[in-house]
Amino acid sequence: YLIPSVMGGGPRVVRAGQAWFDRWGTVRLLVINAGLMLWLMPAPSWVKVTVSTVVLAALVAFLPLLVLGARASARARRDPDAVAPEARPFWTGNQVVAAVAALALSVTAGVAVDPAAAGLVGSGPAAPAASGVAPTGHTTRVEVTAHGMEFTPNRIEVPAGDRLVVVLTNTDPVMAHDLVLNGARTPRVAPGATAELDAGIIGADTQGWCSVAGHRQMGMVLDVVVLGAPTGAAAAPPADPAGGHAGHGASGAGAGTAAGAAIPPTNPAETLGTFVDPVLPPLSDETVRKVTFTVTEVPLEVAPGLWQTRWTFNGGSVGPVLHGRVGDVFEVTLVNDGTIGHSIDFHAGALAPDRPMRTIAPGESLVYRFTATRAGIWMYHCSTMPMSSHIAAGMHGAVVIEPEGLPAVDHSYVLVQSEVFLANAATSAEQALELDADKVVAERPDRVVFNGIANQYDLHPFTVRVGERVRFWVLDAGPNRASSFHIVGGQFDTSWTEGSYTLRRGEGAFGATDGGAQVLPLLPAQGGFVELTFPEPGHYPAVSHVMVDAERGAHAVVEVSP
Ligand SMILES: [Cu+2]
């Protein structure tokens, strides 16, 4: 700006030089200063390169203008008759537009060079593992079978740059499987069926897996090894189109370390669309009890305002309570209306598990007949692998076989405690996903629930009167956590567990008459009942005294009126 004045020669000469020095001044000023600001921001390195190149060009552009301006002012000095150019405004709208456009183009070019660095990834099945490899135009076709919790072969080799097509045949007699690989996935493949998966161009080692809940955690993975990969080609982390699992990497059985989706605490203002009646169904006179259990996979509320796709017996949040006497015969028809294999295991009967507890394929059914020879609150559950996931997904319930001579009480309730592992914080049936099997393996429940729904008996309390005798049958369905059933403000005078009273109307096993119990302690699959009366009106919380589980939703309220 000062050069023309320093060169001197009067206003006419200065203006002649200035006309050159100011040429494209707005563009250069904006590009240089705004470009510097862009460069200082946390941008990907290729964006920094393109922006600084444009800034450098704006700076360098002044050098020829300097020469031209100096020549113009020298000419004006030599020729006193030359007419000075008219002064033009420094700021013009066109130049502002040009400067902004130049910067925008440089940023776009920087992002285009390396989209991944800018957080943008290419779409299509070839994207994850193809980076940095030239397609060969050749297709490698591999036949893979799925059986049990294994792919055979479970390791396939592909020349770098080949397109990989996997023909997956499910030779499992009962279980459905699928394959997720390199961003592509097959549909659920029924037993005996075949599906084809186009994994796209393979440029780096990668790993596929079966996405049926729990199967990957049981080791059902497929390694893809690239032959002749360029040095330094790192394994691309497998992307999971279902969401929530990206970056977890491979995990064998027991290796789940992922935190999974974070689930917010339940909003106390939320309400429940449904709730499970906790009253023990009355005893009928039959001695042969025929029931049908239909397995479904349906979205259900697992906490006020939180949904999950549950695997159910008869569509319930928890399996139906069966109630009988010692000696009764139960004939249960199990119908699998789900999309994968399921089964059932009744602890209430003793028998060889081989046939009745077998896994049946979707569309099949079986009849499970057992005699209840012993009293207790017995667990039943799906016993298809991985059992932890099938139980946690909702496939559990209780069979109550009353001990001989069980006295009548004013209220009998059944509470089945279990853990819920959420893959997302779905707030509607449409958003509901199946359980997060990684969280099951990591033993990180999002909710701990009575009868399948967290806090449901806070919203729908048990209502009893002062002095009434109340019996709680409690079963810990797990799959993994113990329970410590306690009623805040209450004391149990009767406790029965694993086949025997430990306390009966205040009387202990060795004749003591001044005892009481504060909890019913239960390991997974243990059950029992406790009895108490309430001394005065009020609100008595019923909880698992494993406090973190009470806070996760294993919490109810007994509302006692006068
Ligand atoms: Cu199952």
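The values are calculated or read from the model by the stated rules, or taken from the named source; none is laboratory data. Just so it is clear, the structure is predicted and the values come from calculations on it, not from any experiment. Every residue, glycine as well, gets a Cβ built from its backbone with ideal geometry; the counts of neighbours run over all protein chains shown. When the accessible area is computed, the model is the full protein with side chains, heavy atoms only, and any ligands, DNA or RNA have been set aside. Shrake-Rupley method; radii C 1.70, N 1.55, O 1.52, S 1.80 Å.
Numbers at a glance
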| item | result |
| --- | --- |
| Selection from I263, A482, G467 lying farthest towards where the dipole of the chain points positive, charges on Cβ | I263 |
| Label-to-label distance, nm, for residues given as A262 and Q518 (7 Å Cα→Cβ offset) | 3.5 |
| Net length gained if the chain between D285 and D198 were fully extended (0.36 nm per residue, minus Cα distance) | 25.4 nm |
| Antiparallel bridge percentage (DSSP; both residues within the chain; nearest 5) | 70 |
| Order by protection proxy (mean Cβ within 10 Å, highest first), peptides 210-216, 98-104 | 210-216, 98-104 |
| Using alpha-carbon coordinates, inclination of helix 62-78 to the longest axis of the chain, degrees | 20 |
| Surface accessible to a 1.4 Å probe, per residue, for the residues of the range 127-227, Å² | 36 |
| Residues whose placed amide H lies under 5 Å from that of T145, excluding near-sequence neighbours | T152, T169 |
| Selection of GluC sites (Glu not before Pro), the range 423-471, meeting DSSP coil and at most 10 other Cβ within 10 Å | E430 |
| Computed FRET value (nearest 0.05) for L66 with A101, which takes r as the C-beta separation and R₀ as 35 Å | 0.90 |
| Relative contact order of the chain, pairs being alpha-carbon contacts under 8 Å that are 6 or more residues apart, as % | 10 |
| Net length gained if the chain between D354 and R155 were fully extended (0.36 nm per residue, minus Cα distance) | 68.4 nm |
| Within the accessible area of the chain (1.4 Å probe), percent carbon and sulfur | 59 |
| Label-reachable residues, the range 493-533, where backbone N falls under 15 Å from a point 7 Å from V466's Cα toward its Cβ | 533 |
| Size of electric dipole in the chain: Cβ of Lys, Arg +1 and of Asp, Glu -1, about Cα centre, debye, nearest 20 | 3060 |
| Residues of the range 52-74 with amide N under 14 Å of a point placed 7 Å along Cα→Cβ from M41 | 52 |
| D114 versus Q491: modelled label distance in nm, points set 7 Å from Cα along the beta carbon direction | 7.1 |
| Computed [θ] at 222 nm, deg cm²/dmol, the chain (DSSP H ≥ 4; -39,500 (n - 2.57); rounded to nearest 500) | -6000 deg cm²/dmol |
| Longest site-free stretch - the chain; sites: chymotrypsin sites (Phe, Trp or Tyr not before Pro), DSSP loop, at most 11 other Cβ within 10 Å | 92-509 |
| Inter-label distance, nm, simple model (7 Å from Cα along the C-beta direction), T145/T333 | 3.4 |
| Length gained when the stretch T53-L2 is fully extended (0.36 nm per residue, less Cα-Cα span) | 15.7 nm |
